[in-house]
Every structure is written in C-alpha cells, then in structure tokens.
Amino acid sequence: MRIRTALTRVAALGAAAVLAATALTACGGGADDAADNPYGLLRPGVIRAGTLTDAPPNVYLKNGKFTGFDNDLLTAVAGKVGLKVEFVGTDFSALLSQVDNRTFDVGSSSITVTEARKKTVDFGNGYDFGYFGLDVPTGSSITGFDQLAGKRVVVVQGTVQDDFATRQNLDPVRVPDYNGAVNQLKAGTADAWIAPAEIGDKSAADSKGRITVAAKQLSPAPTAYAVARGNDRLREALDKGLDQVIADGTWSRLQARYYPGRPIPADFTPGSGTVPVPSPSAGS
C-alpha cells in the first residue's frame with residue numbers, strides 16, 4: 001500500500017511539473033508572438049486588406065492585380081511602417097463586418113467615415129474626399145439630385161449613397177456591387193444611379209455613350225481605412241505612414257494619376273493635418 005501511494009504521489013508531482021512547464025512555454029510563446037506581431041495582424045508583417053474588384057479608379061483589379069488610388073496608397077502607407085499588404089476581394093455590404101470580426105485587418109474601399117459606421121469599426125485619419133455622382137441613361141431628362149422623387153434609383157447596398165437615398169425617401173433599389181448598378185442603367189431597369197463620383201465618371205466613360213453623368217455634389221465626410229475596434233496600434237501606425245506619404249509627395253502624385261484635374265476642396269486636408277501637402281511634381 002505504501003509503495004502504491006508513493007508511486008501515485010510521484011505521478012501526480014510529475015503531471016504537475018509537466019503542466020507547469022506547459023504553462024511557462026505558453027506564456028513565453030505569447031510574449032514572443034506579441035513581439036513578432038505588434039499590430040495584431042492575421043499574419044505577422046502582412047496587412048490582409050478587404051477591398052473591391054470593380055470600382056475604378058478607387059479600388060479594382062487590373063491584369064489580376066489589385067490597384068486603384070486607395071489600394072496603391074495603402075501599399076505605400078504600409079511600406080513606411082515596414083508592412084506588406086495582401087488584398088482580398090469582397091462585397092462592400094460585407095466589408096465592415098468582416099473587418100470587425102477580424103476576417104480582414106483593414107478595409108480599403110473609399111469608406112466614408114460616419115457615426116453609424118464607427119459603431120462597427122474604428123477609422124484612421126481621412127486620406128481622401130469624394131463627391132456623389134448622379135449617373136443616368138443617355139437621353140434622360142434627369143439633370144439633378146432634386147429630380148429623383150418617384151424615380152427608380154439604384155445604389156450599392158451599405159454605401160453612403162444608400163444612406164443618402166434613404167434619407168431622401170427615394171426607396172432605392174439596392175445591388176451588391178458597382179457592376180450591378182451599371183447593368184441596371186444599361187438595361188433601362190433604373191432611372192438613375194447615385195454613385196461615388198469618380199466611379200460614376202469612369203463607368204460613364206466606359207459605357208460607349210449609354211450612360212451620362214447628370215450632376216455631382218460634395219460628400220459630407222472624408223474617406224479613411226477601417227480597422228477592428230480597439231486595434232489602436234495598427235490604426236496609429238497607418239496614421240503615421242499616411243503622414244509620411246503625404247510629406248514625400250506620394251499622396252499628391254497618386255491624386256494626379258487617378259483623378260487628373262479633380263480640384264481639392266479648400267477645407268480638406270489629408271492625414272493628421274500637421275504635414276504640408278506637396279504639389280504632384282514634388283519628389284518625382
């Protein structure tokens with residue numbers, strides 16, 4: 001009996017030692033993980049960014065590569081803080097919830113900052129402004145936003161254009177992506193599309209004369225990259241990188257490349273507002 005009791009005690013002590021060693025190893029691993037991945041990314045050193053495939057010149061696929069103003073800017077911003085970017089296509093209607101549940105580290109899609117969206121994600125400093133565009137089938141009598149009552153108006157679900165149309169009591173037709181909106185206009189199943197103006201301009205230019213831009217108006221808030229709520233270290237790193245690409249002229253050059261001739265509102269300043277904005281030719 002004494003021998004069996006002694007053996008039992010030895011086994012128990014051995015098991016306790018194994019558990020203690022495991023706990024120490026786990027704790028040590030956590031510290032190492034934090035040091036290797038200070039921004040809490042899904043993969044250390046790489047930002048997994050959710051974006052769209054069909055919204056030029058802001059975010060789109062070209063020859064199998066994600067590009068556009070927003071995505072090229074994010075790549076430059078990430079490079080300033082020693083990170084790379086992996087882009088993944090998604091629908092805008094799902095993007096913010098996917099950032100919130102950590103499917104993506106960042107949302108990159110000309111996301112306008114709103115109080116409602118702040119309940120789902122956190123935003124970095126604003127990097128761009130935008131206009132609402134009103135696209136209509138060529139030959140339409142619609143020439144302004146004040147002529148949409150009773151019309152069949154299409155919007156991309158979950159966008160600020162959707163919010164605007166709803167506030168105006170337009171009962172909009174909601175589609176999941178920009179191609180869906182363009183196809184509605186081409187097919188004559190929609191009278192108008194409220195779009196981000198730059199995307200509306202490009203869609204009209206590519207429509208071979210079937211779509212016309214009827215009007216534009218300035219959007220009420222800046223666009224910014226979205227991060228998961230509470231991930232302050234990543235948000236602050238992106239804000240830091242954004243100021244650096246503003247200071248070295250990258251922001252201005254990308255503006256000139258993707259939005260040639262577009263005037264910048266006098267009251268808009270990108271980033272923290274503490275760095276001067278060079279002309280597009282600076283640093284070329």
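The values are calculated or read from the model by the stated rules, or taken from the named source; none is laboratory data. Because the structure is a prediction, the values reported are computed rather than measured. Glycine also receives a Cβ, built like all others from the backbone with ideal geometry; neighbour counts cover every protein chain displayed. For accessibility, only protein heavy atoms count, side chains too; no ligands or nucleic acids. Shrake-Rupley method; radii C 1.70, N 1.55, O 1.52, S 1.80 Å.
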- Message: Can you compute the modelled spin-label distance between T143 and A94, with each label point 7 Å from Cα toward Cβ, in nm?
- Response: 4.3 nm
- Item | Label corresponding to Cα Rg over 2.2 N^0.38 Å when calculated from the structure given, among [x] 1.32; [y] 1.07; [z] 1.22 | [x]
- Item | Net charge contributed by nearby residues that have their C-beta within less than 14 Å of S279 (K/R +1, D/E -1) | +1
- Task: Work out which helices of the chain, taken as complete DSSP H runs, extend at least 24 Å along their axis over the Cα atoms and score a mean Kyte-Doolittle of 0.0 or more, then list them.
- Result: 2-36
- Message: Looking at segment 131-218 only, what percent of DSSP beta bridges run antiparallel? Nearest 5 please.
- Response: 70 percent
- Message: Out of the chymotrypsin sites (Phe, Trp or Tyr not before Pro) in segment 34-93, which ones are loop residues according to DSSP with at most 15 other C-beta atoms within 10 Å?
- Response: none
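For the chain, what does -39500 (n - 2.57) per DSSP helix run (n ≥ 4), summed and divided by total residues, give at 222 nm, in deg cm²/dmol to the nearest 500?
Working: 8 runs with 108 residues, N = 284.
Taking each H run of at least 4 residues, the total per residue is -12000 deg cm²/dmol.
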- Task: Could you list which residues have their amide H under 5 Å from that of R48, counting only those 5 or more apart in sequence or on another chain, with H placed in the peptide plane?
- Result: L42, R43, E86, D105, V106
- Query: For the chain, what is the accessible area per residue in Å², given a 1.4 Å probe and the full set of protein chains?
  - Reply: 49 Å²
- Message: Given Cβ point charges of +1 (Lys, Arg) and -1 (Asp, Glu) and nothing else, what value in debye, to the nearest 20, does the dipole of the chain about its Cα centre take?
- Response: 800 debye
- Task: Please state the charge dipole magnitude for segment 131-218, taken about the Cα centre, from unit charges on C-beta atoms (+1 on K and R, -1 on D and E), reported in debye and rounded to the nearest 20.
- Result: 220 debye
- Task: Evaluate the relative contact order of the chain (contact order divided by residue number), counting alpha-carbon pairs under 8 angstrom at least 6 apart; express in whole percent.
- Result: 23 percent
- Enter the Cα centre distance for the pair segment 224-240 and segment 241-277, rounded to the nearest angstrom. 19 Å
- By DSSP, what percent of the beta bridges with both residues in the chain are antiparallel, rounded to the nearest 5? 65 percent
- Message: Considering only protein heavy atoms and a probe of 1.4 Å, how much of the accessible area of segment 131-218 is carbon and sulfur, as a whole percent?
- Response: 44 percent
- Note on the structure: Site R102, offset 7 angstrom along Cα→Cβ, radius 20 Å on amide nitrogen, limited to segment 205-248, gives 226-238
